Amino acid sequence: PWVEMKLMDIAQAPGYGRTKELLAKAVLVAPSDDRRKARFRTHLAEVIRPESPAIER
(Lines give C-alpha, C1' and ligand atoms only; values in the text may rest on other atoms or scores of the structure.)
Protein backbone atom coordinates (compact mmCIF):
# COMPACT_ATOMS: atom_id res chain seq x y z
CA PRO A 1 0.00 0.00 0.00
CA TRP A 2 0.83 3.67 -0.34
CA VAL A 3 1.71 4.19 3.32
CA GLU A 4 4.33 1.43 3.23
CA MET A 5 6.00 3.08 0.23
CA LYS A 6 6.13 6.39 2.12
CA LEU A 7 7.61 4.70 5.20
CA MET A 8 10.31 3.17 3.00
CA ASP A 9 11.10 6.67 1.67
CA ILE A 10 11.63 7.79 5.28
CA ALA A 11 13.85 4.79 6.01
CA GLN A 12 15.94 5.50 2.90
CA ALA A 13 16.21 9.28 3.48
CA PRO A 14 19.88 9.13 4.57
CA GLY A 15 20.71 7.42 1.27
CA TYR A 16 19.08 10.29 -0.61
CA GLY A 17 21.57 12.73 0.93
CA ARG A 18 19.65 13.80 4.03
CA THR A 19 22.27 14.62 6.66
CA LYS A 20 20.05 15.50 9.64
CA GLU A 21 17.82 12.89 11.24
CA LEU A 22 14.08 13.54 11.09
CA LEU A 23 12.77 14.93 14.38
CA ALA A 24 9.56 12.91 14.29
CA LYS A 25 8.12 10.06 12.26
CA ALA A 26 4.43 9.28 12.61
CA VAL A 27 1.48 7.89 10.68
CA LEU A 28 -2.00 9.22 11.43
CA VAL A 29 -4.64 6.53 10.93
CA ALA A 30 -7.72 8.56 10.04
CA PRO A 31 -11.30 7.59 10.87
CA SER A 32 -13.33 5.36 8.59
CA ASP A 33 -12.39 2.13 10.25
CA ASP A 34 -11.57 -0.90 8.23
CA ARG A 35 -9.68 -4.07 9.02
CA ARG A 36 -6.40 -3.00 7.44
CA LYS A 37 -6.34 0.28 9.38
CA ALA A 38 -7.17 -1.50 12.63
CA ARG A 39 -4.30 -3.96 12.13
CA PHE A 40 -1.72 -1.43 10.86
CA ARG A 41 1.55 -1.42 12.81
CA THR A 42 5.10 -0.37 11.98
CA HIS A 43 8.48 -0.09 13.65
CA LEU A 44 9.51 2.79 11.38
CA ALA A 45 7.18 5.43 12.86
CA GLU A 46 4.74 6.10 15.66
CA VAL A 47 1.15 5.20 14.80
CA ILE A 48 -1.41 7.79 15.91
CA ARG A 49 -5.07 6.83 16.04
CA PRO A 50 -8.03 9.13 16.89
CA GLU A 51 -8.46 7.41 20.28
CA SER A 52 -4.71 7.72 20.99
CA PRO A 53 -3.48 9.87 23.92
CA ALA A 54 -1.21 11.64 21.38
CA ILE A 55 -4.34 13.40 20.05
CA GLU A 56 -5.34 16.24 22.36
CA ARG A 57 -8.87 17.54 22.12
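A few remarks follow.
- Neighbours by Cβ (under 9 Å, 6+ apart or cross-chain): first from segment 18-43, closer than 19 Å to Met8 by Cβ; second among the aromatic types (Phe, Trp, Tyr): Val27/Phe40; Val29/Phe40
- Evaluation of Arg35 against the conditions (1) modelled with pLDDT of 90 or more; (2) surrounded by 10 or more Cβ atoms within 10 Å (Cβ to Cβ); (3) more than 11 Å from the chain's Cα centre (by Cα) shows that the sole unmet condition is (2).
- Filtered residues of segment 1-25 (kept if part of a loop (DSSP other than H, G, I, E, B) and either at positive phi or of a type outside the set (S, T, N, Q) (or both)): Pro1, Gly17, Arg18, Lys20, Glu21, Leu22, Leu23, Ala24, Lys25
- Qualifying residue in segment 27-42 (condition: assigned to a loop (DSSP other than H, G, I, E, B), touching a Leu at 6+ places or on another chain (Cβ under 7 Å) and not basic (Lys, Arg)): yes
- Odd one out for His43 among (1) on the phi < 0 side of the Ramachandran plot; (2) at pLDDT below 90; (3) exposed (fewer than 11 other Cβ atoms within 10 Å of the Cβ): (2)
- Odd one out for Met5, checked against (1) at pLDDT below 90; (2) out of contact with any helix residue (DSSP H, G or I) (no Cβ under 9 Å at 6 or more places or on another chain); (3) not hydroxyl-bearing (Ser, Thr, Tyr): (1)
The values are calculated or read from the model by the stated rules, or taken from the named source; none is laboratory data. Keep in mind that what you see is a predicted model, and the values were worked out from it rather than measured. Every residue, glycine among them, receives a Cβ derived from its backbone with ideal geometry; neighbour counts consider all protein chains shown.
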